[in-house]
Amino acid sequence: MYIRVFDFDQTITKHHTFQTPSLFHSDNNIKIGIDEFFLHDKENVSAIATYHDNQEYVKSYIEKILNKKLTLQNTIDYENDRLSVYTVDKETIPLLISTVQPENYNSSVEILTSEGKNTQIRHILDYLKKNHSINYQNHEIHFYDDSEFNITAAEKLTDMISKIKCHLIDKYKPNQFSIKSIKEESTLKNKIINTKSNGELEIFDNCPTQYERALDYYAKRSSFFTPRTPKESEYRKKAYLLFKSIPKDHELYETIFSIVKHFAIATDTYRLYKGEIEMDKYDKYCQNDKERRAVQFLLQHKEFIEFVNFAKTMEHYKLSLENLIRAGFNEFIEERESKPSFSM
């Protein structure tokens, strides 16, 4: 039997959902190819270990992947994490989703993240052993996550588990479930490994851009931010209104949405706090006339200006915005006779 434990955001999902789950739905936010790995049957057991605090939201994605109904059987509360046990239609072994305790979320996630997903992985494996006689030491275990820190931490479980294989998922290929490296072996360094539908592996170069390296840098040094204060809630509201305000019938809708998504998520996620690395040019999204016109549209778009102005008042967002605007919007801002109110 194979036991597979998966992270959720940017491992299973195309986009990071935690801060703004209402913007994303399982119908269009699941990576292509995940269904070839996320299996739950007589020979395979899959589980989720995530820093989300809403197991029902995560469950909706799993039902879509498996095309089976999941029914909550019970929950087990630990000091900092919660294990939700779901029965799966026509299967004897339940599917487990490990999330963070919603009460005292900040302190709980800080404790959990100090050792990656290891606490959650242990609770999943212990439950399977105690309740279903699945001794993890006798089975092959796989762990999938888009965080290098979590992968490195999980490899330290080898002494306890004996057979765990850790797979780093490429978060920069958002549409496809793509294994970036396996234990950073020298032959695979700077390579991307894709699994084709026929099971064959294809390996090709993966030379990260400065922007991607910066994201990795922040991911290793980040602390979590959860929208609990009125000001933070107002930020989320303005981000939502910005997404909602983009006219769907606009000829540049897809391009505008892409830029807005990058802008909002860059400030809404926990990865871009300190501004210590100069971001790669934002014009990676502005390399043709269509993208150029999309930027010009946003510079005069009321909801975009309101969103950026408000984000500037939140200190850890301001640094990110300064980098993004300085790197990518300057050439457009400078062409205007008067700079918009959000220019840095």
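Applying the selection to segment 149-194, what residues are among the aliphatic types (A, V, I, L, M) and modelled with pLDDT under 80?
Answer for segment 149-194, where residues must be among the aliphatic types (A, V, I, L, M) and modelled with pLDDT under 80: M160, I161, I182, L188, I192, I193.
Would you check which residues across segment 97-137 are among the charged types (D, E, K, R) and within 23 Å of L72 (Cβ to Cβ) and list them?
Hits for segment 97-137 are E103, K117, R122, D126, K129, K130.
Please work out if S46 is in contact (Cβ under 8 Å) with a residue 24 or more places away in the chain, surrounded by fewer than 22 Cβ atoms within 10 Å (Cβ to Cβ) and not in a loop (DSSP other than H, G, I, E, B).
no
Check D41, D27 and return the single one that is touching an Asp or Glu at 6+ places or on another chain (Cβ under 8 Å), surrounded by fewer than 19 Cβ atoms within 10 Å (Cβ to Cβ) and not in a strand (DSSP E or B).
D41
How many of the residues in segment 63-79 are of a type in the set (D, E) and either over 21 Å from L39 (Cβ atoms) or out of contact with any Leu (no Cβ under 6 Å at 6 or more places or on another chain) (or both)?
Qualifying residue count for the region: 2.
Mind checking whether some residue in segment 85-105 is among the β-branched types (V, I, T) and assigned to a loop (DSSP other than H, G, I, E, B)?
Yes; the residues of segment 85-105 include at least one that is among the β-branched types (V, I, T) and assigned to a loop (DSSP other than H, G, I, E, B).
Hey, among I93, I124, I62, which residue is free of Cβ contacts under 8 Å to residues at least 60 places away in the same chain, surrounded by 21 or more Cβ atoms within 10 Å (Cβ to Cβ), among the β-branched types (V, I, T) and within 30 Å of N28 (Cβ to Cβ)?
I62
The values are calculated or read from the model by the stated rules, or taken from the named source; none is laboratory data. What you are looking at is a predicted structure, and each value in this text was computed from that prediction instead of being measured. Quick reminder, even Gly has a Cβ in these numbers, built from the backbone with ideal geometry, and neighbours come from all protein chains shown.
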